[in-house]
Amino acid sequence: MKTLKNHLILFDEECPMCRMYTSAFVSTGLLDKAGRSAYQELPAQACPMVDRQRAANEIALVNQETGEVSYGIESLFKIFGLVMPFFGPLFRFKPFVWLMSKVYAFIAYNRRVIVPPPKAETFQFQPTFKLHYRIAYLIFTWLLTAWVLSNYTGLMKGLLPAGHTYREYFICGGQIFFQGLVITLINRKKTWAYLGNMMTISFAGALLLFPGLLLAVWFQLSPFFYLAWFMVVAGMMLLEHIRRSNLLKIGWTLTITWVLYRLAVLLIII
């Protein structure tokens, strides 16, 4: 496998996702063994051509021979283009680059709520918060989560009353507004961080339920099986909610209201 020589990729040490995929670049030989460094650990006098704030927002790739710096999706295209040269024309096709830059930004500006840092954020340069990307993330996770739940509840026939096709969309959307009101009253500064984390939990739960939809295509399983798996997933979501609330230092109130909302909805449905 070809290696991108004399290049240094600067990743976010406080981002587990960033550490993981840049480590994969080195371990697979896409970059030299010394080809990655956390921008938090980079001395102030090193790589003066790097825009530190932009590197906090978008991963930076530095050509150590020429001093050229690329950011975000262009950095990734340079690495992938080395091992997949047949995609070179696509990686230079401006409409495709524009589209993928938006996808990259969508993930990059939400990465701290997708996989939260295990420790407090202490470095001077932090990812810029962009409200439109957070709102887009909430809408994206809301729609996909509600779609999975709408289909999954149909597998528990006889255990849950049949509802309107859009019932789960109203329930999931309602929880965003309800929990948003609660966190605003408790700690307004953490409203968008909490909502992003909450919807990541919901989306992860939907992903865990999705295999049940696939099983239903090939097998006729008891509704009790699907209910049991739903309860297991709900338990895991509760534990993750507690963990993320601790990381955000927002106490137990949001976890309690999160549970109470779901119980109230269940009582209304039944």
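Below are the figures for this structure:
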quantity: Positions within the range 1-33 being β-branched (Val, Ile, Thr), open to solvent by less than 20 Å² (accessible area, probe 1.4 Å) and in a helix (DSSP H, G or I), in sequence order; calculated: 22
quantity: Filtered residues of the range 209-263 (kept if open to solvent by 50 Å² or more (accessible area, probe 1.4 Å) and not in a helix (DSSP H, G or I)); calculated: 219, 220, 221, 222, 249, 252
quantity: Scan of the range 34-59 for residues that are open to solvent by less than 40 Å² (accessible area, probe 1.4 Å), outside any helix (DSSP H, G or I) and closer than 17 Å to residue 109 by Cα, ordered by number; calculated: 59
quantity: Filter result for residue 70 (open to solvent by 20 Å² or more (accessible area, probe 1.4 Å) and outside any loop (DSSP other than H, G, I, E, B)); calculated: no
quantity: Count of the range 191-232 residues which are at pLDDT below 95 and of a type outside the set (A, V, I, L, M, F, W, C); calculated: 6
quantity: Selection from the range 138-197 of residues that are surrounded by 13 or more Cβ atoms within 10 Å (Cβ to Cβ), among the basic types (Lys, Arg) and within 23 Å of the chain's Cα centre (by Cα); calculated: 190
quantity: Elements of type helices (runs of 4 or more DSSP H) contained in the range 74-155, each with 2 or more residues being more than 28 Å from residue 208 (Cα to Cα); calculated: 88-92, 94-108
quantity: Residue, farthest from residue 13 (Cα to Cα), within the range 115-137, restricted to residues that are loosely packed, with under 14 Cβ neighbours inside 10 Å and among the aliphatic types (A, V, I, L, M); calculated: 135
quantity: Cross-chain or 6+ apart pairs with Cβ under 6 Å, the range 95-109 first and more than 16 Å from residue 12 (Cβ to Cβ) and in contact (Cβ under 8 Å) with a residue 12 or more places away in the chain, then among the aliphatic types (A, V, I, L, M) and part of a helix (DSSP H, G or I); calculated: 100/73; 101/73
quantity: Residues within the range 79-114 that are at pLDDT 90 or above, charged (D, E, K, R) and open to solvent by 50 Å² or more (accessible area, probe 1.4 Å), tallied; calculated: 2
quantity: The range 50-109: number of residues that are hydroxyl-bearing (Ser, Thr, Tyr) and out of contact with any strand residue (DSSP E or B) (no Cβ under 7 Å at 6 or more places or on another chain); calculated: 4
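Let's see how each residue does on (1) touching a Gly at 6+ places or on another chain (Cβ under 8 Å); (2) over 20 Å from residue 190 (Cβ atoms); (3) of a type in the set (Ser, Thr, Tyr):
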| site | (1), (2), (3) |
| --- | --- |
| 87 | yes, yes, no |
| 92 | no, yes, no |
| 96 | no, yes, no |
| 117 | no, no, no |
| 128 | no, no, yes |
| 145 | yes, yes, yes |
| 170 | no, yes, no |
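Quick grid of which residues meet (1) touching a helix residue (DSSP H, G or I) at 6+ places or on another chain (Cβ under 7 Å); (2) more than 29 Å from residue 112 (Cα to Cα); (3) touching a residue at least 24 places away in the same chain (Cβ under 8 Å):
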position	(1), (2), (3)
181	no, no, no
187	no, no, yes
191	yes, no, no
196	yes, no, yes
205	yes, no, yes
216	yes, yes, yes
219	no, yes, no
224	no, yes, yes
228	no, yes, no
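The values are calculated or read from the model by the stated rules, or taken from the named source; none is laboratory data. Model, not experiment: these values are computed from the prediction. Glycine gets a Cβ as well: all are built from the backbone with ideal geometry, and neighbour counts include every protein chain shown. These accessible areas exclude ligands, DNA and RNA; they are computed on the full protein's heavy atoms, side chains included. Shrake-Rupley method; radii C 1.70, N 1.55, O 1.52, S 1.80 Å.
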